[in-house]
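The values are calculated or read from the model by the stated rules, or taken from the named source; none is laboratory data. Predicted, not measured: the structure shown is a model, and the values here were computed from it. Positions of Cβ are backbone-derived with ideal geometry, glycine not excepted, and every protein chain shown enters the neighbour counts. Accessible surface is based on the protein model in full, side chains and every heavy atom, while ligands, DNA and RNA are left aside. Shrake-Rupley method; radii C 1.70, N 1.55, O 1.52, S 1.80 Å.
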Amino acid sequence: MMTGQRPRGARVPMVQGWLLVLIVVIIAAHLAVSWQAPLSNDASMQWLQVRTNRLNDWHPPAMTRLWQFLGIFGTGPRPLLVFSILFYWSGIGLFATTLVRLGKPMIAFAAVAGSLIAVAVWFDPIGKDGLLTSCFIWSYALLLVARMRERASVPMIALALLMICCGVLMRHNGAFAAGPAVILAFAPRLLRRFWLSLGLCAIIAVALAGAVQAANRAVFRAESSRVEDSLLLFDLLGIASGSGDLTVFGPASRITKRDVTRCYSPVMWDTMAPWGKCPWFPAKAGAKLLDQPQMIAGAVPPPSDFKRRWIDAVAAHPVAYAVHRVRHMNAELLLLTSTKPRNGIVPVSPVELRNPPQDSLLTLIAKHTLGVIFIPAVVVALALSTFVILFVRLQRVEKSDAVLWTALSMSAAAVLYAGSYAIAGVATAPRYFLLTAVLSSFALEIGIGVGAWRTLLREKRGLAMACLALPLLAIGLAEAGRLFVSIPPDSLLIPPR
């Protein structure tokens, strides 16, 4: 059974105390900064569901029910805001204090620092990304506590698995990240058998995805919104744009080439949403999509055969589908994208396109420094490099080290979760990569702290240099995008007046 190192000396309680004081101060500051924060569009729609008690599965029903339950502490969004911040930092606190007990105080403080950076850049206190991340932090903290002793604590492992399930309920593509944590709970050594563990992760993801759909109906009493049609229609439009084949929409479609050119954007599907510039597109393609107010008012989304059309289209045009997904992932990662104006990602008007706002010198400096470092592309590159470093390190480790195995599982979960957006992504926002940022930063700090990087550099110098070069390459490509890529007209989401 895996064990961690024994605590070193009588200073452990003192270090833990200072660590907890630091976290309490951070919590107070985080609450103060977030107290007046406005609701995002997604959170506003969920709040409407909370008020009307009419749930659908466009946004996670589990989060909506949690919000309703927290209403016993007061109306409005603040009970959920307080819960979200406390849940996040208490999980960080448990993970960090456990590292101190295992004799790794520097890694513990580095983990808190990394969590603080993630909050500053990616954290939405009233959003599913923050709740998903908090659940996984708690899961890994509990698994680390469970593996500290000679015999793993079964109740702790059970609680950790419950946290994984809660995380997937908060954001459904969290199922992609669940596999490495489940393997860590039951058979951590399988993590160094790459293809076997990858297959197990796929099975776990599919099983959890199905369980979530069943829970949404049976447990949370949420109505179907046909949210999956947004992904299917987005892919169909991307395939039509790349292949020129309009038959992918089916025999009843009235879509023209002009419609495809006008409405397709690899950035996000929202051009076809009820609030986009082509709200008529789904109906013209054969099925109408409803927005949240319509569904909350009682409207029922009509059936569609987009799933069958999607299967046929991908089979007929696999290259066009792959190109479309790559273009979208580039936008998700903020890699080869423009900052003229406003990143080329968020909605822009034709007026802004013709006359982009002039940036101040300070803004320009930030765009070309912090704006190419704290981006999803660099986060994913660091996650991949960290996974390689830890995977190679653990190929030769016979001693059971709870911290190292936890770090490997975290890095694998971070990579798999980021990869889910290459398959299921339909929109772009840096906050989507909060889980990847937090888990990969923990894993990287552990890898450096235990000497995994030095081991790789000594034994496989070429691979070590490649791991170092990958995030630098991401920064370089992002800088090239900011300098040379212009905002494409098809990223316009606001219809011309």
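Side notes on the structure shown:
- Taking first residues from segment 52-78 that are touching a residue at least 24 places away in the same chain (Cβ under 8 Å) and partners that are assigned to a loop (DSSP other than H, G, I, E, B) and hydroxyl-bearing (Ser, Thr, Tyr), the Cβ contacts under 9 Å between residues at least 6 apart in sequence or on separate chains come to Asn56/Ser224; Asn56/Ser225; Asp57/Ser224; Asp57/Ser225; Trp58/Ser225; His59/Ser225.
- Qualifying residue in segment 272-280 (condition: open to solvent by 10 Å² or more (accessible area, probe 1.4 Å) and more than 28 Å from Leu334 (Cα to Cα)): yes
- When Pro293, Pro301 are screened for being in a loop (DSSP other than H, G, I, E, B) and either in contact with a helix residue (DSSP H, G or I) (Cβ under 9 Å, 6 or more places away or on another chain) or open to solvent by 10 Å² or more (accessible area, probe 1.4 Å) (or both), only Pro301 passes.
- So Thr75, is it of a type in the set (Val, Ile, Thr) and not in a helix (DSSP H, G or I): yes
- Selection status of Leu196, over 24 Å from Arg325 (Cα atoms), modelled with pLDDT of 90 or more and either more than 23 Å from the chain's Cα centre (by Cα) or open to solvent by 30 Å² or more (accessible area, probe 1.4 Å) (or both): yes
- Taking the criterion of being within 32 Å of the chain's Cα centre (by Cα), under 19 Å from Asp229 (Cβ atoms) and not small (Gly, Ala, Ser), the residues of segment 244-266 that qualify are Val248, Phe249, Asp259, Val260, Cys263, Tyr264, Pro266.
- Test for Ala62: is it within 27 Å of Ser230 (Cα to Cα), modelled with pLDDT of 90 or more and either within 21 Å of the chain's Cα centre (by Cα) or not charged (D, E, K, R) (or both): yes
- Hits in segment 217-255 - residues which are part of a helix (DSSP H, G or I) and small (Gly, Ala, Ser): Ala218, Ser230, Gly238, Ala240, Ser241, Gly242, Ser243
- Number of the exception - Asp42 against (1) under 19 Å from the mean Cα position of the chain (by Cα); (2) assigned to a loop (DSSP other than H, G, I, E, B); (3) not aliphatic (A, V, I, L, M): (2)
- Within segment 326-342, the set of residues being surrounded by 21 or more Cβ atoms within 10 Å (Cβ to Cβ) and among the charged types (D, E, K, R) comprises just one member, Glu332.
- Residue among Leu55, Leu80, Leu99, Leu66 that alone is open to solvent by less than 10 Å² (accessible area, probe 1.4 Å), out of contact with any Asp or Glu (no Cβ under 7 Å at 6 or more places or on another chain) and farther than 30 Å from Val450 by Cα: Leu80
- Hits in segment 308-320 (condition: open to solvent by 40 Å² or more (accessible area, probe 1.4 Å) and in contact with a helix residue (DSSP H, G or I) (Cβ under 6 Å, 6 or more places away or on another chain)): Trp310, His317
- Counting residues in segment 21-35 that are within 23 Å of Tyr432 (Cβ to Cβ) and at pLDDT below 90 gives zero.
- Hits in segment 433-447 - residues which are open to solvent by less than 20 Å² (accessible area, probe 1.4 Å), of a type outside the set (S, T, N, Q) and within 23 Å of Thr97 (Cβ to Cβ): Leu434, Leu435, Ala437, Val438, Leu439, Phe442, Ala443, Ile446, Gly447
- Leu416 modelled with pLDDT of 85 or more and either in contact with a strand residue (DSSP E or B) (Cβ under 9 Å, 6 or more places away or on another chain) or open to solvent by less than 30 Å² (accessible area, probe 1.4 Å) (or both): no
- Comparison of Ser411, Ser385 shows that the only residue that is farther than 21 Å from Met170 by Cα and among the polar types (S, T, N, Q) is Ser385.
- Helices (runs of 4 or more DSSP H) (entirely within segment 380-495) containing at least 2 residues that are closer than 18 Å to Arg193 by Cα: 402-424
- Pairing residues of segment 191-213 that are in contact (Cβ under 8 Å) with a residue 24 or more places away in the chain with residues that are not in a helix (DSSP H, G or I), at Cβ distances under 6 Å and at least 6 apart in sequence or on separate chains, gives Arg192/Gln395.
- Flag for Ala214 being on the phi < 0 side of the Ramachandran plot, of a type in the set (Gly, Ala, Ser), surrounded by fewer than 16 Cβ atoms within 10 Å (Cβ to Cβ) and part of a loop (DSSP other than H, G, I, E, B): no
- Residue pairs whose Cβ atoms lie under 7 Å apart, separated by 6 or more positions or on different chains, with the first residue in segment 448-467 and surrounded by fewer than 20 Cβ atoms within 10 Å (Cβ to Cβ) and the second among the small types (Gly, Ala, Ser), are Leu457/Ala464.
- Flag: Cys135 does not match the condition of being surrounded by fewer than 24 Cβ atoms within 10 Å (Cβ to Cβ) and not β-branched (Val, Ile, Thr).
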